[in-house]
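The values are calculated or read from the model by the stated rules, or taken from the named source; none is laboratory data. Note that this is a predicted model, so its numbers are computed, not measured. No Cβ is skipped: glycine too gets one built from the backbone with ideal geometry, and neighbour counts run over all protein chains shown.
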Amino acid sequence: MKPIIQSRAKIAWVDQGSRADEAGIRPGDLLVSVNGHPVRDIIDYEYHVSSPETSLVVQRPSGERVEVVFSNDYDPRLGLGFDELVFDGEKHCANKCIFCFIDQLPEGMRDSLYFKDDDYRLSFLQGNFVTLTNMGETDLRRIIDMRLAPLYISVHSTDDMIRRKLLGRKQTSPIMATLGRLAEERIRFHSQIVLVPGVNDGEALARTIRDLWSLWPACVSVGVVPVGLTAHRQGLPELAPVSAEVARSTLEIVHSAQKVCASRAGTHFVYGADEFYYLASLPFPPADAYDDYPQIENGIGLARLFCDEFGELESRLPVSVPTDLSATVVTGVLGARVIRDACDALNRIRGLDVRLLPVRNRFFGDSVTVSGLVVGRDIIESLHEQAARGNPGDFVVIPDVMLRRGETCFLDDVTVDDIASDVGVPVVVARTSARGLVESILPRWPDAR
């Protein structure tokens, strides 16, 4: 007798009037199989329901199992929705990276923040960077056979000894062999290098870029980002932060490689994180240096996008607002450098007073300067310090990058409403863009001119 497979593919919703709804499938039912295949994740589901005929086995909350058959001649969409993308459990990271940010979180945060995923499926579906160290031949074959691309791969170094040190592993499969196989099968991927001074910088970095360039065009791009070190590294390996000197030397290597790649293939291929330019006190590159911004989800190029977008908007800003208005714009230390000119331009509008508030990261430590890691408690403390010098204005603007995806709370579980209640003024959440900043302030007064 075959064991009963315990499905985790719980149906979260059924579109009203859909074929699944008409067939009697309901939220709370479990999807056991599609065309006789167990469903491990949303990839399996979407792949198998695309067949000319789809057979679903569904298990009711009572344990009863029913089979429903659909003809997909005209439309494979069934109207089923799932809360999870992975039904058989996310693949856990088996590495002990010496720079792992999760290991540097303070105690007392929500449990989900301490989970380390390293799942190639989430790399394909959400753009998560993965190391590929927990993959077997079956996983690799599935990627190739189902054309799961692009992937996002944390390479860090193509020197296997250096990579093992970074990943905290005694043994790993040679990364270039794995990447080479993906390239041979024309599986596209983006790669990432977390730069740790004294470990994978300098010539090791230059070699890694050269090795990855040899896999172009399958390797679409390389993003180089600085190691993030928090104030909570007790018991962890001692690492040096990226200094101004290291930032400058890293950018020299990146720019040198860009010239070679651009001359040979018309792509810059490798891109340095915005933080490197901040640390090196260098201007952000022009837009064409980022090509089509292939590493934007890694935060690379956000500063240039903001500056250029605001430049396009500035000529259309009103001369004045009909009613005097003041607002405090909250950002991280790095973000303040990016948006300062935009705030100065907004302050040239008569009747408008925009106050820029860079929030020092007390929670993670002063070396963490990006806006996406600013927490609610630090915002409240900074607003109180500002209040000692004057009130925050009519409202406070916070960029949505500070919030957990799809939620209204920060990494420390403080909510937007908590901040508004504490400081006594409304809080407006703005899209993290130049247009988002402008629209968070000016649309309140459509008569502005």
Checklist line | Residue count, the stretch 24-36 (criterion: buried (at least 17 other Cβ atoms within 10 Å of the Cβ) and assigned to a loop (DSSP other than H, G, I, E, B)) | finding: 2
Notebook entry, point to check: Among the residues of the stretch 277-310 satisfying the criterion of being closer than 18 Å to Val155 by Cβ and either aliphatic (A, V, I, L, M) or in a helix (DSSP H, G or I) (or both), which is modelled with the highest pLDDT?
Noted result: Ile300
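Per-residue answers, yes or no, for (1) of a type in the set (Gly, Ala, Ser); (2) within 20 Å of Val196 (Cα to Cα); (3) within 15 Å of the chain's Cα centre (by Cα):
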{"residue": "Leu125", "(1), (2), (3)": "no, no, yes"}
{"residue": "Thr133", "(1), (2), (3)": "no, yes, no"}
{"residue": "Arg141", "(1), (2), (3)": "no, no, no"}
{"residue": "Arg147", "(1), (2), (3)": "no, no, no"}
{"residue": "Met161", "(1), (2), (3)": "no, yes, no"}
{"residue": "Leu166", "(1), (2), (3)": "no, yes, no"}
{"residue": "Arg169", "(1), (2), (3)": "no, yes, no"}
Check: Yes or no: Arg147 without any contact (Cβ under 8 Å) to a residue 24 or more places away in the chain and either in a loop (DSSP other than H, G, I, E, B) or within 20 Å of Cys100 (Cβ to Cβ) (or both)?
Finding: no
Check: Taking the stretch 45-85, which residues are of a type in the set (Val, Ile, Thr) and either in contact with a Pro (Cβ under 7 Å, 6 or more places away or on another chain) or in the same structural domain as Leu167 (by the TED database) (or both)?
Finding: Val49
Note to self: Return the residues of the stretch 355-391 that are of a type in the set (S, T, N, Q) and either assigned by the TED database to the domain that holds Tyr278 or in a loop (DSSP other than H, G, I, E, B) (or both); say none if nothing qualifies.
What the structure shows: Asn361, Ser367, Thr369, Asn391
Note to self: So Glu46 ticks every box in (1) among the acidic types (Asp, Glu); (2) in a loop (DSSP other than H, G, I, E, B); (3) closer than 26 Å to Tyr120 by Cβ but one. Which box is left unticked?
What the structure shows: (2)
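One line per residue, one yes/no per condition, for (1) closer than 26 Å to Leu125 by Cα; (2) surrounded by fewer than 16 Cβ atoms within 10 Å (Cβ to Cβ); (3) not assigned by the TED database to the domain that holds Thr138:
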residue: Ile175; (1), (2), (3): yes, no, no
residue: Thr178; (1), (2), (3): yes, no, no
residue: Ala183; (1), (2), (3): yes, no, no
residue: Arg188; (1), (2), (3): yes, yes, no
residue: Gln192; (1), (2), (3): yes, no, no
residue: Ala204; (1), (2), (3): no, no, no
residue: Ile209; (1), (2), (3): yes, no, no
residue: Leu212; (1), (2), (3): yes, no, no
residue: Val222; (1), (2), (3): yes, no, no
Next item on the list: Of all residues in the stretch 385-401, count the ones that are buried (at least 17 other Cβ atoms within 10 Å of the Cβ) and small (Gly, Ala, Ser).
Entry: 1
Notebook entry, point to check: Taking Val354, is it over 28 Å from the mean Cα position of the chain (by Cα), surrounded by 16 or more Cβ atoms within 10 Å (Cβ to Cβ), of a type in the set (A, V, I, L, M) and modelled with pLDDT of 95 or more?
Noted result: yes
Next item on the list: Give the stretch 129-166 a look and list any residue that's crowded, with 18+ Cβ neighbours inside 10 Å and modelled with pLDDT under 95, or say none.
Entry: Met135
Check: Which members of the stretch 49-72 meet the condition of being loosely packed, with under 13 Cβ neighbours inside 10 Å, touching a Ser or Thr at 6+ places or on another chain (Cβ under 9 Å) and not in a strand (DSSP E or B)?
Finding: Pro52
Notebook entry, point to check: Taking the stretch 99-123 as the search range and keeping residues that are of a type in the set (A, V, I, L, M, F, W, C) and either on the phi > 0 side of the Ramachandran plot or surrounded by fewer than 19 Cβ atoms within 10 Å (Cβ to Cβ) (or both), which one is farthest from the chain's Cα centre (by Cα)?
Noted result: Met109
Check: Mind checking which residues of the stretch 84-125 are in a helix (DSSP H, G or I) and either among the hydrophobic types (A, V, I, L, M, F, W, C) or within 25 Å of Arg362 (Cβ to Cβ) (or both)?
Finding: Ile102, Asp103, Gln104, Asp111, Ser112, Leu113, Tyr114, Leu122, Phe124, Leu125
Check: Quick check: anything in the stretch 407-430 in a helix (DSSP H, G or I), in contact with a Ser or Thr (Cβ under 8 Å, 6 or more places away or on another chain), within 24 Å of Leu325 (Cβ to Cβ) and modelled with pLDDT of 95 or more?
Finding: yes
